[in-house]
Amino acid sequence: MRKAWIWATAVAGAGLAFVMVLVVGVYLVAGNMANGVGGGTKALAKGSVPAAYATLVQKWGNMCSAINPALLAAQLYQESGFNPRAQSAAAAQGIAQFIPGTWATHGVDGNGDGRRDVWDPADAIPSAAAYDCELAKYVKDVPGDPTHNMLAAYNAGAYAVIKYGGVPPYKETQNYVRIITSLEKSFAAPVGRVSPSEQAAGAIYYAQKKLGTPYLWGGDGTAADGGRFDCSGLTKAAYESVGIELPRVANDQYNAGPHPSRDELLPGDLVFFSDDLTNSRAIRHVGIYVGGGYMIDAPRTGAVIRFDPIDTPDYFGATRVTEDGAKALPTNV
């Protein structure tokens with residue numbers, strides 16, 4: 001299964017002062033919210049799963065107690081980036097990346113059309129859930145967390161989990177369990193306020209120093225780019241300056257942590273924009289929230305890095321970046 005992812009320059013000075021106040025204030029807010037509750041629920045976060053598959057993931061993600069829709073979504077994202085035509089060099093196929101032998105044994109006819117089609121998400125998603133639940137049964141008597149043991153069995157086989165009495169001492173397997181359980185948080189709708197990022201102020205500080213810099217499509221701020229950025233290049237560099245490595249494109253950056261609601265936004269949150277508000281894979285723009293309904297962003301060719309309002313019809317949502325969430329993101333989706 002597993003693959004072997006300006007405002008005009010005249011007002012910039014006032015904006016800088018505003019942001020610097022927020023850079024200090026974000027830590028005060030963080031202290032006041034130290035008792036915030038992280039997200040973990042069976043409800044999927046808004047748009048985190050493409051609309052075409054969200055109902056399937058929600059339904060089949062509740063198939064047994066070892067899984068939930070957010071966990072199933074994390075597996076599908078990590079395996080294929082929700083691409084139903086994905087195929088790996090190891091011959092893993094479809095949205096759930098079944099290898100032919102595993103599909104022959106564990107594929108199910110999820111939509112009841114009389115066929116088991118690995119390329120059809122209506123079959124492959126139920127099959128992934130059913131396979132997870134079958135593995136959970138195999139290792140149900142093993143000590144430890146049932147979900148962790150199931151994920152370990154998915155990666156290394158049930159025999160290894162039984163042999164070692166839990167997640168086996170294989171680096172790949174331990175990383176797989178960590179990655180999926182971290183990614184799960186970015187697909188789950190939070191049940192309360194999520195903890196603020198300790199690196200948020202540093203990311204804002206970096207971005208505000210780039211105000212007035214011309215936009216460059218594909219720009220990463222390197223010398224070869226003349227220090228210029230596009231939208232996700234700026235957010236990536238801002239968080240890289242505080243030790244958090246984000247993926248390059250905006251729709252993957254959305255999965256770097258849990259998703260606060262609009263009225264829960266804090267400075268440093270990434271804010272996203274899309275023409276399809278049901279599908280995070282369609283996100284086309286990202287900025288760094290600074291408070292007061294504004295973000296710093298690199299908007300488009302011909303513009304400069306500047307302050308822009310976030311309350312527009314194409315506002316999609318936000319992500320509170322976490323180190324664990326960012327580390328879990330695949331680079332090949």
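The values are calculated or read from the model by the stated rules, or taken from the named source; none is laboratory data. This is a predicted model, so every value here is computed, not measured. Using ideal geometry, Cβ is built from the backbone for each residue, glycine included, and neighbour counts are taken over all protein chains shown. These area figures cover heavy atoms from the full protein model, side chains too; ligands, DNA and RNA do not enter into them. Shrake-Rupley method; radii C 1.70, N 1.55, O 1.52, S 1.80 Å.
Some points to look at:
- Using Cβ point charges alone (K and R +1, D and E -1), the dipole size of region 53-187 about the Cα centre works out to roughly 260 debye.
- Of the trypsin sites (Lys or Arg not before Pro) in region 229-295, the ones in a loop by DSSP (not H, G, I, E or B) with at most 15 other beta carbons within 10 Å are 248.
- Long-range tail of P(r) for the chain (Cα pairs > 38 Å, %): 20 percent
- Residue-count net charge about residue 263 - beta-carbon cut-off 15 Å; Lys, Arg +1, Asp, Glu -1: +1
- Check: the chain dipole with +1 on Lys, Arg Cβ and -1 on Asp, Glu Cβ, in debye: 280 debye
- Partnerless Cys - the chain, beta-carbon criterion under 4.7 Å: 231
- Inter-part distance where region 69-106 and region 114-173 are each reduced to a Cα centre, Å: 13 Å
- Here the sum of -39500 (n - 2.57) over DSSP H runs of 4 or more residues, divided by the residues of the chain, equals -12000 deg cm²/dmol at 222 nm, to the nearest 500.
- Set of lysines near residue 327 by C-alpha distance (under 24 Å), chain-local residues within fewer than 8 positions excluded: 3, 42, 46, 171, 185, 236
- Spin-label model, residue 314/residue 191: points 7 Å from Cα along the beta carbon direction are separated by 3.6 nm.
- Around the amide H of residue 43, modelled in the peptide plane, lie the amide H atoms of 189, all under 5 Å away and 5 or more residues distant in sequence or on another chain.
- Evaluated at q = 0.17, 0.18, 0.22 Å⁻¹: base-10 log I(q)/I(0), Debye formula over Cα of region 198-328: -0.79, -0.89, -1.39
- Distance cut-off 12 Å, percentage of C-alpha pairs in region 139-194 lying past it: 62 percent
- Solvent-accessible area of residue 163 with every protein chain in place, 1.4 Å probe, in Å² to the nearest 10: 120 Å²
- Rounded to the nearest Hz, the phi-derived 3J(HN,Hα) couplings of region 234-244 under the Karplus curve 6.51 cos²θ - 1.76 cosθ + 1.60 (θ = phi - 60°) are 5, 5, 4, 5, 4, 6, 4, 5, 10, x, 10, where x marks glycine and proline.
- Label separation (residue 217 vs residue 170): 4.4 nm, computed from points 7 Å beyond Cα along the C-beta direction.
- Under the Karplus curve 6.51 cos²θ - 1.76 cosθ + 1.60, θ = phi - 60°, whole-Hz ³J(HN,Hα) for region 90-97, x wherever Gly or Pro sits: 8, 6, 5, 10, x, 5, 9, 6
- Looking at region 303-333, none of the chymotrypsin sites (Phe, Trp or Tyr not before Pro) sits in a DSSP loop with at most 12 other Cβ atoms within 10 Å of its own Cβ.
- Rounded if a/c under 1.5, otherwise prolate or oblate - region 33-190, Cα gyration tensor axes: oblate
- Listed values for region 191-204 are Karplus-derived 3J(HN,Hα) couplings in whole Hz (6.51 cos²θ - 1.76 cosθ + 1.60, θ = phi - 60°), namely 8, x, 5, 9, 5, x, 6, 5, 8, 4, 4, x, 5, 5, and x replaces Gly and Pro.
- Charge-dipole axis of region 53-187 as Lys and Arg at +1 and Asp and Glu at -1 on Cβ define it, positive-most pick from 162, 58, 68: 162
- Near residue 301, once Lys and Arg are set to +1 and Asp and Glu to -1 for all other residues with Cβ below 11 Å from its Cβ, the sum equals +1.
- Surface accessible to a 1.4 Å probe, residue 65 within the full protein complex, Å²: 120 Å²
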